[in-house]
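Since the structure comes first, as structure tokens, the remarks are kept for the end.
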Amino acid sequence: MAQGTQRKFSPEAQKEVDKILFSYGVKESAVLPVLHVAQREFGCLDRAAVELVASTLGLSPTRVAQTASFYTMFSPAPLGKHVIQVCTNVSCSLLGSEGIVRYLEKRLGVERGHTRPDGLVTLSTVECLGSCGTAPVMAVNDRYFENLTTEKVESILRELGL
Amino acid sequence: MAEKILLKNVGIPGSERLETYRSRGGYRALEKALRELKPSEVTDAVKKSGLRGRGGAGFPTGLKWSFVPKDVPGPRYLCCNADEGEPGTFKDRVILENDPHMLLEGIAISCFALSVVEAFIYIRGEFALGAERLERAVAEAEEAGLLGPNVLGSDFGLKVHVHRGAGSYICGEETALLESLEGKRGLPRLKPPFPASVGLYGRPTVINNVETLSCVPSIVQNGPEWFASIGTKGNTGPKLFAVSGHVERPGVYELPLGVTLRELLFEYAGGIRGGRGLKAVMPGGSSTPVITAEQADVKMDFDSLAAVGSALGSGAVIVMDDATCMVEVALGLTKFYRHESCGQCTPCREGLGWMVRLLEGIEFGRGSTADIDLLLEIASGISGKTLCPMGDAAVIPAQSTIARFRDEYESHVRTGGCPFKSAAGKVE
Ligand SMILES: Cc1cc2nc3c(=O)[nH]c(=O)nc-3n(C[C@H](O)[C@H](O)[C@H](O)COP(=O)(O)O)c2cc1C
Ligand code: SF4
Ligand code: FES
């Protein structure tokens, strides 16, 4: 059980969670779906979030934490407001993704794999995003930006207010 | 261009909506299956069509279905593999985002054939748009009585879940996918037992790729003979080829299996970018051995590519021009596999890190000829000695680039660095 934590889902998120619980006959299968809701709701899966998910599902927090730590989309610590992920796998690297990453590092003043101290942006490299026909590609939060050039990256950053 | 089957609706406004799909003949195959065919007749049709799995291994789909025991009481499951993570592969995403109902119809017919009443689509976590469209499609289909308790008024019922992954390449491996669906870490299971007998929740389970299941409606609608007349002998039907890298027009092309690589690259994908020469191709994703420009007349099908020492894999055609450094390509991909190793097997977990260090040494001018042979030795110590096929896949980039481009490795060693460095402008 959650040990005295105040963490709760918002009413909308709770509705979503209830729908998930209702839909899955085997509660273990609801682990990933509910973790997704929690990640979105709290911005990361810290201990309190994991405990909330565990108690929601009637599973041990260790069991849930073990699962969560396996998947790259679940983050134990808060990320920046804008999470920029540049694909550096084969098709993207053939078309210059390294240059895109370096441009972003310089322009944003943050190295790959890090969050800027002001919390506005996290820059990382990722494996193939399944968009190799429009390489190079990056994802900003949930959205894909394709056929990147440094000019295009610049205008995306401006649009994001960065 | 050949008649389009899998991509026929792509590009039509609102192609993802039920009304569009139905207005173009959608769900008639499901109706035909439910009204005119017995489940076993659907399986027979899929067998007769010659359909082979489009997820990577090319296993005959009808045969896979027939492994599910018929006499075991209790639930059985179908899992659609929509984890699409093999580098270079972006074909399933086109279906998920543009024609989710074609996939749902394929799933419904397959579940009818297999007496499955609950199916899961395991879609990779990053495909937010695909998941959203699929979810809406499921809701539309349920509303219209095409899914749910009584499909088209029959006593066949089906519940379809859209289940999002969360960023893990190994979850595309079928048993890791099952573990993940059970809310666990995606650690591949030891086989046997195979999922057909012990799968999801320990129950008989069929796992098929998105494109595989999307072939089923047209097989039922037009007949297995029609499907088998497309392609080459033993390699039937249409195939989605995802072409990326150094071509003028990258993209997903639907062509019959057996089209030549040359045709695909030069007639459809517009040839090599900037008028450069073709150097090498990974014809079926990053886990398939590279072939060279001299082999461009190979037919793009399972058997022909196997005959030249490669594989069709997922149909992801990664094209490299003559300015590409093969050591750099091998290094990047070996790093990818090292990163994605689930860590259960020592050779995969430790061996790949060792290979990365050796490849880095060669690429950045600190390597020796002995390192090239050592790479091959480590690779053979991983291949075939791991729990899941990722171990075999992971060593292929290094192994196959050394086999075909050993001179390039040697010139790195000789000159103490990368001869392509200025072209690629890379730094350590
Ligand atoms: C490391 C690894 C990753 C895989 N990734 C995928 C994938 O993303 N999508 C897929 O359909 N099959 C993938 N497969 C193949 C599946 O294990 C399985 O063979 C396939 O989904 C079966 O479907 P099919 O018979 O329709 O081809 C992968 C296999 C391995 C070893
Ligand atoms: S081969 Fe690699 S990925 Fe597959 S089970 Fe072993 S360690 Fe995991
Ligand atoms: S390699 Fe970058 S999206 Fe596939």
Number of the exception - B:Gly223 against (1) small (Gly, Ala, Ser); (2) in the same structural domain as B:Ser40 (by TED's automatic domain parsing); (3) within 16 Å of ligand 3 (Cβ to nearest atom); (4) over 30 Å from A:Arg40 (Cα atoms): (3)
Determine which member of the set B:Leu333, B:Leu352 is closer than 18 Å to A:Val90 by Cβ and more than 13 Å from ligand 2 (Cβ to nearest atom). B:Leu333
Residue under question is B:Leu147, and the condition is that it be buried (at least 24 other Cβ atoms within 10 Å of the Cβ) and within 14 Å of ligand 1 (Cβ to nearest atom); does it hold? no
Looking only at region B:302-348, how many residues end up being of a type in the set (D, E, K, R), in a loop (DSSP other than H, G, I, E, B) and touching a helix residue (DSSP H, G or I) at 6+ places or on another chain (Cβ under 8 Å)? 0
Could you count how many residues in region B:137-172 are hydroxyl-bearing (Ser, Thr, Tyr) and not in a helix (DSSP H, G or I)? 2
Are there any helices (runs of 4 or more DSSP H) wholly within region B:173-289 with 1 or more residues that are free of Cβ contacts under 8 Å to residues at least 24 places away in the same chain and within 12 Å of chain A (Cβ to nearest Cβ), and if so which? B:174-181
Has region B:226-238 got any residue that is within 16 Å of ligand 1 (Cβ to nearest atom), buried (at least 24 other Cβ atoms within 10 Å of the Cβ) and of a type in the set (Ser, Thr, Tyr)? yes
Away from chain A (no Cβ under 11 Å), within 16 Å of ligand 2 (Cβ to nearest atom), acidic (Asp, Glu) and crowded, with 19+ Cβ neighbours inside 10 Å, is that true of B:Glu140? no
Of everything in region A:22-75, what is part of a loop (DSSP other than H, G, I, E, B), under 26 Å from B:Tyr77 (Cα atoms) and among the aliphatic types (A, V, I, L, M)? Give them in sequence order. A:Val26, A:Leu59
Would you be able to say whether some residue in region B:400-418 is modelled with pLDDT under 95, among the β-branched types (Val, Ile, Thr) and away from ligand 2 (no atom under 15 Å from the Cβ)? yes
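Table: residues versus (1) within 16 Å of ligand 3 (Cβ to nearest atom); (2) farther than 18 Å from B:Met326 by Cβ; (3) acidic (Asp, Glu); (4) in contact (Cβ under 8 Å) with a residue 12 or more places away in the chain.
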site: B:Cys345; (1), (2), (3), (4): no, yes, no, yes
site: B:Phe364; (1), (2), (3), (4): no, no, no, yes
site: B:Asp373; (1), (2), (3), (4): no, no, yes, no
site: B:Gly384; (1), (2), (3), (4): no, yes, no, no
site: B:Leu387; (1), (2), (3), (4): no, yes, no, yes
site: B:Gly391; (1), (2), (3), (4): no, yes, no, yes
site: B:Ser411; (1), (2), (3), (4): no, no, no, no
If you go through region B:349-375 one residue at a time, how many are in a helix (DSSP H, G or I), in contact with a helix residue (DSSP H, G or I) (Cβ under 8 Å, 6 or more places away or on another chain) and within 21 Å of B:His412 (Cα to Cα)? 16
Filtering region A:106-148 down to residues that are free of Cβ contacts under 8 Å to residues at least 24 places away in the same chain, β-branched (Val, Ile, Thr) and more than 14 Å from chain B (Cβ to nearest Cβ) yields A:Val110
If I filter region B:66-88 down to residues being within 26 Å of B:Gly26 (Cα to Cα) and within 14 Å of the chain's Cα centre (by Cα), which single residue comes out as farthest from ligand 2 (Cβ to nearest atom)? B:Cys80
Considering region A:78-105, residues that are among the polar types (S, T, N, Q) and in a loop (DSSP other than H, G, I, E, B), and then whichever is nearest to the other protein chains (Cβ to nearest Cβ), we arrive at A:Asn89
Any idea how many residues of region A:106-133 are in a helix (DSSP H, G or I) and either within 16 Å of ligand 1 (Cβ to nearest atom) or within 23 Å of B:Arg338 (Cβ to Cβ) (or both)? 1
Could you tell me whether region B:188-200 includes any residue that is at pLDDT 95 or above and within 16 Å of ligand 3 (Cβ to nearest atom)? no
Which ones in region A:57-82 are touching a residue at least 40 places away in the same chain (Cβ under 8 Å) and surrounded by fewer than 17 Cβ atoms within 10 Å (Cβ to Cβ)? A:Pro78, A:Leu79
Single unsatisfied condition, B:Gly26 versus (1) assigned to a loop (DSSP other than H, G, I, E, B); (2) under 24 Å from the mean Cα position of the chain (by Cα); (3) at pLDDT 95 or above: (2)
Inspect region B:122-136 for any residue being assigned to a strand (DSSP E or B) and within 26 Å of the chain's Cα centre (by Cα) and give the result as yes or no. yes
Test for A:Gln66: is it more than 16 Å from ligand 3 (Cβ to nearest atom) and at the interface with chain B (Cβ under 7 Å from one of its Cβ atoms): yes
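The values are calculated or read from the model by the stated rules, or taken from the named source; none is laboratory data. This is a predicted model, so every value here is computed, not measured. For neighbour counting, all protein chains shown are included, and Cβ atoms are generated from backbone atoms with ideal geometry for every residue, glycine included.
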